[in-house]
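One structure below.
The values are calculated or read from the model by the stated rules, or taken from the named source; none is laboratory data. Keep in mind it's a predicted model, so treat the numbers as computed, not measured. For neighbour counting, all protein chains shown are included, and Cβ atoms are generated from backbone atoms with ideal geometry for every residue, glycine included.
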Amino acid sequence: MAPSNLNAKKYVISTAFAATLALTPVVGSSVLANAGEGSSEGDITYEESNLPNINAEQSSEAETPSATVNSSLIQQGDSGSGVEEVQSSLQNLGYSSSNVDGIFGELTAQDVRNFQSDQGLQVDGIVGPATSSALGGPVDSTPDSGESSEATEDEGITIEEVSNTDDSNGSNDSGNTETASATGANIVAAAESALGVPYKFGAYTPGDPNPSALDSSGLINYTFEQVGISVSRTHAGMWANDGVHVDSPSPGDVVFFEGTYDTPGASHSGIYIGNNQMIHASSGSGEMVVADMSIDYWQDHYLGAKSFQ
C-alpha cells in the first residue's frame, strides 16, 4: 500500500497531460463501476499508438552516411549485410524465427534476446561485441568484459561497444541493483516486444524470455527484467518501494492507477510511451496492448508516475 504522504502527489501531472482533460470523451459511470484490473478502456491499435513514431525516430537516428558507419551496436531498425550475418548466425544456432532478409525487426530482436539469455549475456536484444563474439562473429570481446573494446572492421561497418554501467547509479531507491543503464527507448522496446502476449491473472515467470501469458504487474516485471532492472512483483510494492516519483512521465517511466478493482492503493500500472499512451495488460482485450490514457477512466484513476531508470 502506497505511503499516505504520497496522496498529495497523485494529481501532479504535466501541463500538457492535464490539458487533455477538457478534450477527452466522457465515459459513463457504469463503465467505471464494471471495469477491473487491466480494463480495456481506451485500448487502441498499434497503428493508432505512438509506437510507429518512436520506431521511425529510432530508425532515422540509426541512419548514417554509407561511406563511414561508426555504430556502437546493431539493433532493431537497422538493415544491411551486418544484420544478415546476425540473422544467419542465429538461424544456424537454432534461434531464428524470422527470415534472413537483412532487416532487424522485432522477431530478430526477440531471437537475439533468447540467445543472450541462454548464453548468460545481458538480455537487451542488441548485438554488441559480446553478443557478436558469442554468435561466432569477428568482434574480439568477452561476454563479461563490460569495458570498451577495440573497433573491428566488418563489411565496412565499424562496431564498437562501451560500458553501459554506471557505478554512481547502480541501484534504485529500493536497493535493487541495476545490471545495465537502461534508457527510456530500451524500456519501451522491451514493453513493445510483449504486445499480443495473452493476459492471465497471476501469470509471470522470472527469467522467461518468451512468456505465454502475463498479468498487469507481470508485464512491468518482464519489461524491466529485459533491461536488467529488478522491481517488486506487485503494483503496490513498486509504488511504495521502487524507483523515484516524477511529476510527469517520460517514455519508459511507469504510470500507476488506483481503484481499478477492489484493492487499496496502486492496483494497475503500465509503461508510458509518450503522447498520453501506455503499454499495459488489458483483461478486457485479453492481451498486452496500447491504451490511450487521456480518456476519463484512466484520468479518474490516475495515481502518479515513477522512473525506474
Residue, surrounded by the fewest Cβ atoms within 10 Å (Cβ to Cβ), within segment 76-115, restricted to residues that are charged (D, E, K, R) and under 22 Å from the mean Cα position of the chain (by Cα): GLU106
Residue pairs meeting the criteria (Cβ under 6 Å; at least 6 apart or on separate chains; first under 22 Å from GLU106 (Cα atoms) and part of a loop (DSSP other than H, G, I, E, B), in segment 124-143; second among the β-branched types (Val, Ile, Thr) and at pLDDT 50 or above): GLY125/VAL112
Leading residue by the ranking (surrounded by the fewest Cβ atoms within 10 Å (Cβ to Cβ)) among those in segment 185-216 that are assigned to a helix (DSSP H, G or I) and within 13 Å of the chain's Cα centre (by Cα): ALA185
Residue under evaluation SER282, criteria (1) modelled with pLDDT of 95 or more; (2) touching a strand residue (DSSP E or B) at 6+ places or on another chain (Cβ under 6 Å), criterion not met: (1)
Residue check, SER294 farther than 14 Å from ALA194 by Cα and either outside any strand (DSSP E or B) or touching a residue at least 24 places away in the same chain (Cβ under 8 Å) (or both): yes
